[in-house]
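Visitor: Handing you a structure now.
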2 protein chains.
Amino acid sequence: MPEKSTSALPTTPLSVVNVGLHGFVESLRAQGVEVTAVDWRPPSAPRLTHTRTGVDIEAANAEATARIAQGRPVLVGMGIARQTIPGYHDRLILHAGPPVSWERMCGPQRGAVMGALVHEGWAQDEGEAAELAASGEVEFAPCHHYHAVGPMAGIISPSMPVFIVRNETFGNLAYATQNEGLGRVLRYGAYGPDIYQRLRWMEDTLYPTLKTAVESIAGGIDLRALISQALHMGDEGHNRNRAGTSLFLRAVTPALMRTCPDRERAAEVFEFIERNDHFFLNLSMAAAKSTLEPAEGIAGATILTVMARNGTDFGIRMAGAPERWFVAPAGIVDGLYLPGYTAADANPDIGDSTVTETAGFGGFAMAAAPAIARFVGGTPEDALRATLEMYEICFAEHEHFTIPALNFRGTPLGIDVRRVMETGIRPRLNTGIAHREPGIGMVGAGVLPAPEACFVEAFAAIREW
Amino acid sequence: MPEKSTSALPTTPLSVVNVGLHGFVESLRAQGVEVTAVDWRPPSAPRLTHTRTGVDIEAANAEATARIAQGRPVLVGMGIARQTIPGYHDRLILHAGPPVSWERMCGPQRGAVMGALVHEGWAQDEGEAAELAASGEVEFAPCHHYHAVGPMAGIISPSMPVFIVRNETFGNLAYATQNEGLGRVLRYGAYGPDIYQRLRWMEDTLYPTLKTAVESIAGGIDLRALISQALHMGDEGHNRNRAGTSLFLRAVTPALMRTCPDRERAAEVFEFIERNDHFFLNLSMAAAKSTLEPAEGIAGATILTVMARNGTDFGIRMAGAPERWFVAPAGIVDGLYLPGYTAADANPDIGDSTVTETAGFGGFAMAAAPAIARFVGGTPEDALRATLEMYEICFAEHEHFTIPALNFRGTPLGIDVRRVMETGIRPRLNTGIAHREPGIGMVGAGVLPAPEACFVEAFAAIREW
């Protein structure tokens, strides 16, 4: 800029003293206000820097967050779940969140399971599907146990197509299904002929067409680059994916045109994606998952590598103890509701999509997405505040994902269980809301904090390491 | 949002008293800071509210800005300039900015004219083209005199394809060429075989393919809707059009796939647009032009309907006197330079693209586009400040274009010559920078204020109305 102000008016410069939360200082400075920051925290126990056995936690977390930030997720192909996901077997249904039995499963996840079983042809109708699900003949397991993630109910059944995302830095793979759209869709717990028809079209037309296009692109589609750009275009990569979906279409369409001999089918595939601004969500989730797994197993690391909900329980896992879930009851979402629905219809928090926050974007990058207020409620300043607050509980800032409105500051990366306990600040999530009964679907979207109890338990575990 | 803060930390609320410039109040409030605003301006002459003949200026400006805001620009078709633009004749070359003779024309505009004459086949080479241009056998006229707009040199020659944008609210049409990309392109004054080859491809392949696709879309492509969305996706619609270009591709591609029988040609057309994030600029400019013309001729209106530069002069026209140009020397851009270039290479400010600011977006909506700092220099807070300052000189706020980061406040709309004189604040522009010599091309991008002198003259004219 040529000059700070071309105004001929004298102005009174503001001068502010800020005590405590650093976020306010950043936000005022971003407005050009002179701020004297006083670093202050309420008295608390000194930070836990080493495990009982002497492992340096700070060094472990530095390694974990560096691995996450250095991950380069690339969409390299697509496949059918049972043939593609390692360890998949014929009677396996994957679901979002920590492990849960059919008996404890919430309404929308049950609805999605019932729909998937009918879709697979294992049951004639949803009633028969519920009996089969209760019979013990179907095995349920978290997506997260199979390098996969699923939004909302997060159901992956054997015949469903999945995206294959490779973290080129470390070589590991992650998987997610194709996004169906909003409203009456399986992942929100809806079932019925309309849902099955769409799922069939997604398997028979969308999948083979997209697979051929994607796999014809030398080097694949660099999802880190797409997410990084989308964060400069008003997305946060979880509940706002309009830019990500646009950029994905830009990346895939020339290949789609060249590889699909049927122009009308190419147009239908393009239109299906074009009409669903959330299409990119499943790709951003698989990208996030692929960046988190290389951090698993670093002794002493108190950074989360998993944060996921099944609509009954909320569960977390840490890099230093990657096999162990710490769970607490799933929270209630404070949201905006679709016409005809209220909070009384809402199922508790559900889905693996919090993998985006775990990987340093999504709700943690809401400052990049002020327009998301129209979808999840609140105001643009709430969105800014949410991000500023998340820096308080994160170990690092992302080197590849930046927020223009914060002068290109890196997004908050690496939820540190110690900091959550020290500050009392819980991870802020934004999410869609499913109807609590099976068979219905989406009723709204909103925000909520993660439950405290699982962090208390995780912190107790760290003290034993 | 469920709660204002989930923090357990006590925070000291900020309290600020602001005197004068309202922009600071808005920006602080947007950060959640309590502000007591004291409305204060330096003593000045009372605002001119009526013309000498008694016309109510406030009412006239209200009508002018309402017409601009209510305009609904839609891309309805394409055509060849000489057959499409009313009044076009065989030896006419349109250019950006106010009227200018060949003798006074700046280097890049001369370069673009020379290139266009070779491209048209009127000259064998650029030397012969310069002779022809100087001979008086070619007529030069501003694009603005023909319902058209052109970025940078803004050359439109008879065989060039143009977009046809209809303002559906008022029925008037506006025109702009297809955007060539960045770097060595005609509009930045470059000429040579590479330029002519691209222009030919744009006429022979891009144009007919795109025309067929666009004209197959019932109702056309609603550019107001695209610009409105793009402002929520980090664009400002002038020097950042990554979202607009993405959304345009989303809107046109299904038709492109269905109407283009040659898949490889469709892919090449898609890729040409996809690789140029500025492709949407010419569409946003034609959209802006179409919304401004219905405000022309409202007696007593002191709002600008034209603000344009030819690289020699900067010119403005007012709604109340739409035929009269007020001109001043074009300013020097403060910018970021491409490798190998410095300010010494820069031509003064050039192009009709300031039609976007005139219509209430572009540089005036920079608060919506913090990432633009990477292209035009400055910081995201400069971008925020630029928008806040422009409210001071604008008569209204746009009802269809909003800025999420300012809590969805309408963009500053309708540059009021009276307010520019009262406040001493000049319109802030952002722009590309052309090399000052003909034949070279783009050297950078930056920002600058409009020159004061043309506003002084316009204000003197208002006093005579």
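Each value in this text was obtained by applying a stated rule to the coordinates, not by laboratory testing. Bear in mind that the values here come from a model prediction, so they are computed numbers and not experimental data. Please note: Cβ atoms are built from the backbone with ideal geometry, for glycine as well, and neighbour counts cover all protein chains shown.
Visitor: Answer with yes or no whether A:T379 is under 29 Å from B:G410 (Cβ atoms), within 11 Å of chain B (Cβ to nearest Cβ) and among the hydroxyl-bearing types (S, T, Y).
Guide: Yes; evaluated as a whole, the condition is true for this residue.
Visitor: Here is a follow-up. Go through region A:337-348 and give me each residue that's surrounded by fewer than 17 Cβ atoms within 10 Å (Cβ to Cβ) and not in a loop (DSSP other than H, G, I, E, B).
Guide: Those that are surrounded by fewer than 17 Cβ atoms within 10 Å (Cβ to Cβ) and not in a loop (DSSP other than H, G, I, E, B): A:A343, A:A344.
Visitor: Same structure, new question: List the strands (runs of 3 or more DSSP E) that sit entirely inside region A:377-465 and contain at least 2 residues that are under 30 Å from A:R184 (Cβ atoms) and of a type outside the set (G, A, S).
Guide: Strands (runs of 3 or more DSSP E) meeting the threshold: A:428-434, A:442-449.
Visitor: I'd like the residue in region B:153-191 that is outside any strand (DSSP E or B) and of a type in the set (A, V, I, L, M, F, W, C) and, out of all such residues, is farthest from B:Y88 (Cα to Cα).
Guide: In this case the residue turns out to be B:L182.
Visitor: While we're here: Let me spell it out: the conditions are (1) touching a residue at least 12 places away in the same chain (Cβ under 8 Å); (2) farther than 14 Å from A:A153 by Cβ; (3) among the hydrophobic types (A, V, I, L, M, F, W, C), and A:A460 meets all of them except one. Which number is the exception?
Guide: So the condition that A:A460 fails would be (1).
Visitor: Restricted to region B:224-259, and to residues that are more than 30 Å from A:I372 (Cα to Cα) and facing chain A (nearest Cβ under 8 Å), which residue is farthest from the chain's Cα centre (by Cα)?
Guide: That would be B:R258.
Visitor: A:F364 passes all but one of (1) at the interface with another protein chain (Cβ under 9 Å from one of its Cβ atoms); (2) surrounded by 20 or more Cβ atoms within 10 Å (Cβ to Cβ); which number fails?
Guide: Of the numbered conditions (1) at the interface with another protein chain (Cβ under 9 Å from one of its Cβ atoms); (2) surrounded by 20 or more Cβ atoms within 10 Å (Cβ to Cβ), the odd one out for A:F364 is (1).
Visitor: Determine whether B:G244 is in contact with an Asp or Glu (Cβ under 7 Å, 6 or more places away or on another chain), under 28 Å from B:A295 (Cα atoms) and either in a helix (DSSP H, G or I) or free of Cβ contacts under 8 Å to residues at least 60 places away in the same chain (or both).
Guide: Yes; evaluated as a whole, the condition is true for this residue.
Visitor: Can you confirm whether B:T411 is more than 30 Å from B:M105 (Cα to Cα), surrounded by 24 or more Cβ atoms within 10 Å (Cβ to Cβ) and more than 10 Å from chain A (Cβ to nearest Cβ)?
Guide: yes
Visitor: Can you tell me which residue in region A:192-223 is farthest from the chain's Cα centre (by Cα), limited to those that are within 14 Å of chain B (Cβ to nearest Cβ) and outside any helix (DSSP H, G or I)?
Guide: The selected residue is A:S216.
Visitor: Report the residue count in region B:382-408 for those that are within 8 Å of another protein chain (Cβ to nearest Cβ) and in contact with a strand residue (DSSP E or B) (Cβ under 6 Å, 6 or more places away or on another chain).
Guide: Final tally of qualifying residues: 2.
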